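Data first, discussion second: the structure below is written as structure tokens.
The values are calculated or read from the model by the stated rules, or taken from the named source; none is laboratory data. Small disclaimer: the values here were computed from a predicted structure and weren't measured. For neighbour counting, all protein chains shown are included, and Cβ atoms are generated from backbone atoms with ideal geometry for every residue, glycine included. Surface areas here come from the heavy atoms of the whole protein model, side chains and all, with no ligands, DNA or RNA. Shrake-Rupley method; radii C 1.70, N 1.55, O 1.52, S 1.80 Å.
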Amino acid sequence: MRLTFPHPISSPSHPELVLPKRRLGSKQSETVNERSTNGSIGCAESVAAVTSLLVSVKDKAETYPRIDTDESYTLTIPHCGGAGQLFASTVNGVLRGLETFSQLVVFDYDAAEYGLTVGLPISISDKPRFLHRGLMIDTARHFLPVKAIMRIVDSMSFAKLNVLHWHVSDTQSFPLQLESRPDLWKGSFSKSERYLKDEVRLVVEHARTRGIRVIPEFDVPGHAASWCVGYPSVCPSDPDCSQPLNVARDDTFNLLEDIISECVGKATNEDLNSAGASSSLFPDEFFHLGGDEVNTGCWTKDSEISAWLKSKNMSADDGYAYFVHRASSIAISNGRRPVQWSEVYDHFKTRLDKETIVHIWKSVTNVTEVAADGYDILINVGDSPNNWYLDHLKVPWDKVYENDPCSNIPVDRPDLCSKVLGGHGEMWGETVDASDIEATIWPRAAAIAERLWSPREKTSDAKAAQHRIEAFRCLLNARGIGAAPVNNAEARSAPNGPGSCFDQRRRVL
């Protein structure tokens, strides 16, 4: 496929005036070549221009993306301009390459024409360091309209993030329509703050066309009190302890089975190999089951659950293990890999099925041990000074940038780092809704995106990345995304006075 530009894109004739040659979110494993000091001498025109981009893809299938989908690409533009070439093995690789190309092009208002931010020739060979690069949104603490979610998905593609982790329900609300269990969404905040299944399909398809997977999370058993509104039998009878869910009743696991089955659909294998409309609400191969912050003391207080534990010769912690095992078995039997939070591994170690992906958010969880035990890992440690919890507003972008997913793995064990699939920025929803979520996510999520995309040796210096994240924030604003100033002492704060986007002074609170 050839993209022909009605107005040629010129190469800068003054290299010293061009914008920074690497934008955060499109950082290359092989950098853009420097322009020679004598410009485009020897070419047919005094200033070389790009007239078209020839896009070649080995596999044109537009299938739903998987964890192992190849996103690599090469982008070349010759010294004299003319036709550039973009090659990728997959459609998703093409998407990443087109994003890089788009960030190399700017509009010159003086000349009234588009131009490149770097000189020619350009030669980029690029691929992600980690295959799983995510952002979590939380629609249980505050409802997010579908249009707001789609804008977030759009913004993710600008930074080459490729996983939307959707924390669907929690203690506060259950907003999702499920036909097999029609009373579940009685636990929503209101009748207007709900998601129809067709709306979920719109989000998943919108994400697929941008090379982004969507992973649902239903956090059980410790974050599910909203389920009790429609189905009170699955919760403890003690009014002061509505969660964790009732481990003693089959009703609880029957409900969980219905939720997972309806989300997965019947044609699971076909869904993973098809484009467009799917019988599966969430066709991704991962299914997040939470499992964190389980107060088993509520079980020992409840007479029914306490009696059941005693009859099974179980402690409350044994009951926790029983719940985790049954929940993960349901996911696996439905063709999905269960993702579970740190506490699940910390409690049960190698008793977990090896299909389990351990999502580490606690610094006490030993990453090396998890990897050595053979489990795949997602990282977003949330209780450290350089954590990836985006609701921690006083954690600045440069501290976020310092957090390397493999930093706690010995350098002499690169095989263990290979068990780290990637990580997420976590946008917990207690203090965000549609009014401020973009400014809370961005630009700090871009620091996470570059860490997850670019080679480790290229992302060791936050100072060197500062001009990139500042330029990327301005790019987001130009594309209509409400990213906050980079250097504020507190994330999502307003600018501290008039001035250019490119003059982002540190705000003192």
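Could you please let me know if S173 is outside any strand (DSSP E or B), under 22 Å from K197 (Cα atoms), touching an Asp or Glu at 6+ places or on another chain (Cβ under 6 Å) and among the small types (G, A, S)? So S173 does not fit the description; no.
A327 versus (1) assigned to a loop (DSSP other than H, G, I, E, B); (2) farther than 25 Å from V400 by Cα: which is the lone unmet condition? Only one criterion in (1) assigned to a loop (DSSP other than H, G, I, E, B); (2) farther than 25 Å from V400 by Cα is unmet by A327, namely (1). Every listed requirement among (1) out of contact with any Pro (no Cβ under 7 Å at 6 or more places or on another chain); (2) of a type outside the set (G, A, S); (3) under 27 Å from S363 (Cβ atoms) is met by F323 save one, (1). In the stretch 217-252, the residue that is most open to solvent (accessible area, probe 1.4 Å) out of those that are small (G, A, S) and not in a loop (DSSP other than H, G, I, E, B) is S233. Of all residues in the stretch 92-102, exactly one satisfies the criterion of being more than 15 Å from P128 (Cα to Cα) and buried (at least 20 other Cβ atoms within 10 Å of the Cβ), namely F101. Among what's in the stretch 47-74 and is assigned to a strand (DSSP E or B) and small (G, A, S), pick the residue that is surrounded by the fewest Cβ atoms within 10 Å (Cβ to Cβ). If we take residues in the stretch 47-74 being assigned to a strand (DSSP E or B) and small (G, A, S), then S56 is surrounded by the fewest Cβ atoms within 10 Å (Cβ to Cβ).
Can you report the number of residues in the stretch 103-122 which are assigned to a strand (DSSP E or B) and open to solvent by 50 Å² or more (accessible area, probe 1.4 Å)?
Initially, the stretch 103-122 is screened for residues assigned to a strand (DSSP E or B), giving 105-108, 113-116, 122.
From what's left, open to solvent by 50 Å² or more (accessible area, probe 1.4 Å): 107-108, 113-114.
Adding up the residues that qualify gives 4.
Just a yes or no: is a residue in the stretch 130-141 part of a helix (DSSP H, G or I) and either in contact with a Lys or Arg (Cβ under 8 Å, 6 or more places away or on another chain) or crowded, with 22+ Cβ neighbours inside 10 Å (or both)? Give the derivation first.
To start, the set of residues in the stretch 130-141 that are part of a helix (DSSP H, G or I) comprises none.
No, there is no match, as no residue in the stretch 130-141 is part of a helix (DSSP H, G or I) and either in contact with a Lys or Arg (Cβ under 8 Å, 6 or more places away or on another chain) or crowded, with 22+ Cβ neighbours inside 10 Å (or both).
Contact map, the stretch 46-70: residues that are farther than 21 Å from R129 by Cα paired with residues that are open to solvent by 60 Å² or more (accessible area, probe 1.4 Å) and of a type in the set (D, E, K, R), Cβ distance under 8 Å, separation 6+ or inter-chain. Pairs shown: S52/R2; L53/R2; L54/R2; V55/R2.
When the residues of the stretch 372-391 are narrowed to those that are without any contact (Cβ under 8 Å) to a residue 24 or more places away in the chain and either open to solvent by 20 Å² or more (accessible area, probe 1.4 Å) or of a type in the set (A, V, I, L, M, F, W, C) (or both), which ends up nearest to F348 (Cα to Cα)? The residue in question is V381. Scanning the stretch 191-208 for residues that are closer than 29 Å to E99 by Cα, open to solvent by 20 Å² or more (accessible area, probe 1.4 Å) and touching a residue at least 40 places away in the same chain (Cβ under 8 Å) turns up E199, R201, L202, E205, H206, R208. Every condition in (1) farther than 28 Å from P65 by Cα; (2) open to solvent by 40 Å² or more (accessible area, probe 1.4 Å); (3) modelled with pLDDT under 95; (4) in contact with a Ser or Thr (Cβ under 9 Å, 6 or more places away or on another chain) holds for C298 except the one numbered (2). Within the stretch 464-477, being over 17 Å from I441 (Cβ atoms) and either free of Cβ contacts under 8 Å to residues at least 24 places away in the same chain or open to solvent by less than 30 Å² (accessible area, probe 1.4 Å) (or both) holds for A464, A465, R468, A471. Determine, yes or no, whether I330 is in contact with a strand residue (DSSP E or B) (Cβ under 7 Å, 6 or more places away or on another chain) and of a type outside the set (F, W, Y). So I330 fails the test. Go through the stretch 253-269 and give me each residue that's open to solvent by 40 Å² or more (accessible area, probe 1.4 Å) and assigned to a loop (DSSP other than H, G, I, E, B). Passing the criteria: only K266. Hey, does the stretch 461-482 have a residue that's touching a helix residue (DSSP H, G or I) at 6+ places or on another chain (Cβ under 8 Å) and of a type in the set (S, T, N, Q)? The answer is yes; a qualifying residue exists.
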